[in-house]
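Student: First the structure, which I've put down as structure tokens, then a few questions once you've had a look.
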Amino acid sequence: MPELSALLNEQKRPQIVAELNTVVNDTVSSTSGLTGMALKGGLGAASKMDSNFVEKGINRLLPDLLGELQPHWAKYSESGTSNFGAYLAANEDHVINGILKLADDNVSKAPAALQKVYNGLRGKAAGIISPALPKVGAAIEKHMA
């Protein structure tokens with residue numbers, strides 16, 4: 001199978017960014033309680049400054065995210081299974097740790113309001129990301145076809 005970097009070409013990149021944007025928005029919308037309120041508030045504030053904030057962030061981080069997921073894609077491709085989202089979910093601890101390292105390395109580039117929200121929710125981030133892994137995997141697999 002081709003490498004995930006194939007999603008960075010000018011035809012596929014806008015499609016995968018749009019689909020991951022939907023995953024992020026759905027994840028934020030479905031997060032409840034105080035965590036959901038904080039997450040929605042932080043993203044709402046960032047979106048007031050730039051209505052395409054989330055989409056632009058995904059686009060900027062996409063090469064790093066795909067690089068982080070490439071080893072998982074390679075193992076998945078060799079496994080003979082047919083659902084990358086399920087593969088990511090089955091390996092969630094390792095996958096989430098990599099995604100969080102990527103986020104930790106980049107949070108300083110975010111607006112101050114979002115940094116504050118991220119730092120406050122960092123301990124709960126795995127629980128926020130975990131339910132989204134099947135959708136992330138499905139989006140990637142769809143656009144790799």
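FYI, it's all coordinate maths here, none of it is from the lab. Predicted model, so just to flag it, every value in this text is computed and none were measured. In this analysis, Cβ positions are derived from the backbone assuming ideal geometry, glycine residues included, and neighbour counts consider all displayed protein chains.
Student: When a footprinting reagent is the concern and you count Cβ atoms within 10 Å, what order do 7, 62 take, fewest first?
Tutor: The most exposed by this proxy come first: 62, 7.
Student: Still on this structure: Stretched out fully, how many nm does the piece from residue 112 to residue 6 gain, at 0.36 nm a residue minus the Cα gap?
Tutor: Between residue 112 and residue 6, full extension yields an extra 34.9 nm.
Student: Also: Given a 10 angstrom Cα cut-off, can you work out which residue in 20, 102, 34 is the most mobile in a GNM of the chain?
Tutor: Of 20, 102, 34, the Gaussian network model singles out 34 as fluctuating most.
Student: Below 8 Å, C-alpha to C-alpha, sequence gap of six or more: please give me the relative contact order for the chain in percent. Walk me through the numbers on the way to the answer.
Tutor: On the way: 121 pairs, mean separation 56.9, N = 145.
Rounded, it is 39 percent for the chain.
Student: Show log10 I(q)/I(0) for the chain at q = 0.11, 0.15, 0.16 Å⁻¹, two decimals, from a solvent-free Debye sum over equal Cα scatterers.
Tutor: -0.40, -0.75, -0.86
Student: Among 24, 107, 54, which one moves the most in a GNM of the chain with springs linking Cα atoms closer than 10 Å?
Tutor: Checking each option, the largest mean-square fluctuation is seen for 107.
Student: For a distance above 17 Å, tell me the whole-number percent of Cα pairs in the range 34-97 that qualify.
Tutor: Beyond 17 Å sits 58 percent of the P(r) for the range 34-97.
Student: Could you pull out which residues in the range 45-71 have an amide N less than 19 Å from a spot 7 Å beyond the Cα of residue 25, following the Cα-Cβ vector?
Tutor: So the set is 45-62.
Student: Return the lysines within reach of residue 101: Cα separation strictly under 23 angstrom, same-chain partners fewer than 8 residues apart disregarded; answer none if there are no such residues.
Tutor: Those lysines meeting the cut-off are 40, 56, 75, 109, 116, 124, 135.
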